[in-house]
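Each remark here refers to the structure printed beneath this line.
The values are calculated or read from the model by the stated rules, or taken from the named source; none is laboratory data. None of these values were measured; they are calculated from a predicted model. Quick reminder, even Gly has a Cβ in these numbers, built from the backbone with ideal geometry, and neighbours come from all protein chains shown.
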Amino acid sequence: MDALLQRLAAHRGPGAYGTVFALIAGSGLGIPINEDVVILGAGALTLYGVFDARLLIATVLIGLLIADGLIYYWGRRFGAALLLKRPFSYVISPAQLLSAQKRFEGGGAGLIFATRFLAGLRAPIHFTAGTLKISYRTFVMCDMGAAVFEVPVLIFAVRFVGGHVDRVLPYVKRFEYAALAAFGVWLLLRIKRYWLPVNVAPVADIEN
C-alpha cells in the first residue's frame, strides 16, 4: 500500500492521472492489481493536492469503461464462434445458447450491475454478456451505473477518514464478501428455477 501511494504521489498533472488510468484499465483486463486499493490510494492523495477528486472520478470511470467494454467486445466478437467448433459444440448447442440468452436478459441487467461489487467475477460475466449478445447500451448503463455509485463512495469515504486507506479497506472487503454471498444465493435460486427438472404429477393422479 505504501509503495503504491509513493508511486502515485511521485507523479503530478497528466502523468498522475495517466498512471491511475493505466492501473485501473490493467486491473479490468486481468492484471493482478486490486482496483479498489488503487481507487482508495488515489482518493487519499486528493487530500494532498496530487489529484482533484472530480477529475480522479472521471479518470477511473473512463478506465473502467474501456476495460470492461473491451472484455464485452471480445465476448461478443469471438465468444459465440467458439461454440461452432469441437469440442465446444458438444457442450453448448445453439438452442441452449439462445435459451441462456433469454434467461440472462431476464435478470441480466441486475447481474451486470451487481458484478461491479463482485471482485473476481467481473471479467467472466462481462465476457458472457458479450457472448450472449446483450445489448451494448444495456451493458454500459448497468456497468457504469454501478461504477458511478461505487467510485465516488470509495473516494469520499477515504477522504472522510483523513486518507487512512487501512480504515476503509476492511469495510470494502466485508461488503464484497456479503455481495458474493448474496450472488451465490441468487445464482442457486435461478439454477433451481430454470435448470432443475420440475416434478409433474402423472395424469392419472391429476384425474383422481
**OP:** Could you please give the count of residues in the stretch 117-131 that are surrounded by fewer than 21 Cβ atoms within 10 Å (Cβ to Cβ) and either assigned to a loop (DSSP other than H, G, I, E, B) or small (Gly, Ala, Ser) (or both)?
**Re:** 6
Subject >> Only listed residue being modelled with pLDDT of 90 or more, surrounded by fewer than 22 Cβ atoms within 10 Å (Cβ to Cβ) and part of a helix (DSSP H, G or I), chosen from Leu23, Leu61, Leu56 >> reply: Leu61
Original post:
Of the numbered conditions (1) within 15 Å of Val153 (Cα to Cα); (2) touching an Asp or Glu at 6+ places or on another chain (Cβ under 8 Å), Ile24 satisfies every one except a single condition; which is it?
Top reply: (1)
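Any residue at all in the stretch 20-29 that's among the β-branched types (Val, Ile, Thr) and over 13 Å from Arg122 (Cβ atoms)? Full working, then the answer.
The initial filter retains those residues of the stretch 20-29 that are among the β-branched types (Val, Ile, Thr), namely 20, 24.
Within this subset, residues satisfying the condition of being over 13 Å from Arg122 (Cβ atoms) are 20.
Checked the stretch 20-29: at least one residue is among the β-branched types (Val, Ile, Thr) and over 13 Å from Arg122 (Cβ atoms).
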Subject >> Matching residues in the stretch 26-37 - criterion: being surrounded by fewer than 22 Cβ atoms within 10 Å (Cβ to Cβ) and in a helix (DSSP H, G or I) >> reply: Gly26, Asp36, Val37
Original post:
Could you give every pair whose Cβ atoms fall below 7 Å, whose first residue belongs to the stretch 127-150 and is touching a residue at least 60 places away in the same chain (Cβ under 8 Å) and more than 11 Å from Ala109 (Cα to Cα), and whose second residue is among the aromatic types (Phe, Trp, Tyr) and assigned to a helix (DSSP H, G or I), counting only separations of at least 6 or pairs across chains?
Top reply: none
Subject >> Filter pass, Leu83 being over 22 Å from the mean Cα position of the chain (by Cα), assigned to a helix (DSSP H, G or I), at pLDDT below 60 and not polar (S, T, N, Q) >> reply: yes
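Is there a residue in the stretch 163-176 that is modelled with pLDDT of 80 or more and hydrophobic (A, V, I, L, M, F, W, C)?
Just the residues of the stretch 163-176 that are modelled with pLDDT of 80 or more, to begin with: 163-168.
With hydrophobic (A, V, I, L, M, F, W, C) added as a condition, the list becomes 165, 168.
Yes, the stretch 163-176 contains a residue that is modelled with pLDDT of 80 or more and hydrophobic (A, V, I, L, M, F, W, C).
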Original post:
So is Leu4 in contact with a Ser or Thr (Cβ under 7 Å, 6 or more places away or on another chain) and modelled with pLDDT under 90 or not?
Top reply: no
**OP:** Residue by residue through the stretch 132-174, note down the ones that are buried (at least 16 other Cβ atoms within 10 Å of the Cβ) and aromatic (Phe, Trp, Tyr).
**Re:** Phe139
